[in-house]
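Read the structure below first, then the notes.
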Amino acid sequence: MASPPATVHASAVLVGPRAVLIRGPSGSGKSQLALELIEIARTGSLPFARLVADDRVHLEAVHGRLLVRPPEALAGLIEVRGVGLARLAHEASAVAGLVVDLAAAQDAQRLPDAASQKTEISGVELPRLAVASGAAALPAVLAYITHAMTIPND
């Protein structure tokens, strides 16, 4: 019998064919980065981006891939700081292709080593971007998405 999916404090956005899983402590900007990615796609600078989940994300390893999906009660909801909850179109499920760790104290380096550029979740190895506290995450995420994520993970 399969174990139930893990639920983590994170956000996830489907960007093109793969989801970006955004982790970090409360107040680190997970929802903000998710909204920025969605807005950039809306303006045409990215071909596609849609919310998968905000605040809590179900994670499940299936056939060597990490699936992300929203908890039912939070599906389609995202926190907009200073405004409250907003309802957005969302994806019911996506395959993770990148993990972004916000406010990464130890290993957010200007020129990171290979070991810090990968992480393992539920037995699935994924590329990882570590972003230092106070640093803008969006430029690094966009650089990764427009260059590295165009190469299939398979």
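Key figures for this structure:
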read-out	value
Length gained when the stretch L74-R56 is fully extended (0.36 nm per residue, less Cα-Cα span)	5.7 nm
Other-chain or far-sequence residues with amide H under 5 Å of L46's (modelled H)	A41
Principal semi-axes in Å for segment 6-150 [√(5λ), Cα gyration tensor, largest first]	21, 18, 15
Relative exposure of L35, L138, judged by other C-beta atoms within 10 Å (fewest first)	L138, L35
Relative contact order, percent, the chain [alpha-carbon distance under 8 Å, six or more residues apart]	23 percent
Debye log10 I(q)/I(0) at q = 0.23 Å⁻¹ for segment 16-96, Cα point scatterers	-1.18
Charge sum, other residues only, whose C-beta stays under 11 Å from G76's C-beta, Lys/Arg counted +1 and Asp/Glu -1	-1
Computed [θ] at 222 nm, helices only, for the chain once each DSSP H run of length n ≥ 4 contributes -39500 (n - 2.57)	-4500 deg cm²/dmol
Fluctuation leader among I121, I38, I22 - the chain, Gaussian network, Cα springs under 10 angstrom	I121
Under Karplus coefficients 6.51, -1.76 and 1.60, residue-wise ³J(HN,Hα) of segment 89-100 in Hz, glycine/proline x	4, 9, 9, 6, 6, 7, 9, 5, x, 7, 10, 10
Sequence-distant residues sharing a close amide H with V52 (under 5 Å, placed H)	A12, V13, L14, E91
Test item: Cα-centred dipole of the chain, Lys/Arg +1 and Asp/Glu -1 on Cβ, debye	200 debye
Cβ-based net charge around S28, under 14 Å, with every Lys or Arg adding one and every Asp or Glu removing one	-2
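No lab work stands behind these numbers, since they all come straight from the coordinates. Everything numeric here is computed off the predicted structure, so don't read it as measured data. Reconstructed Cβ throughout: ideal geometry from the backbone, glycine too, with neighbour counts over all protein chains shown.
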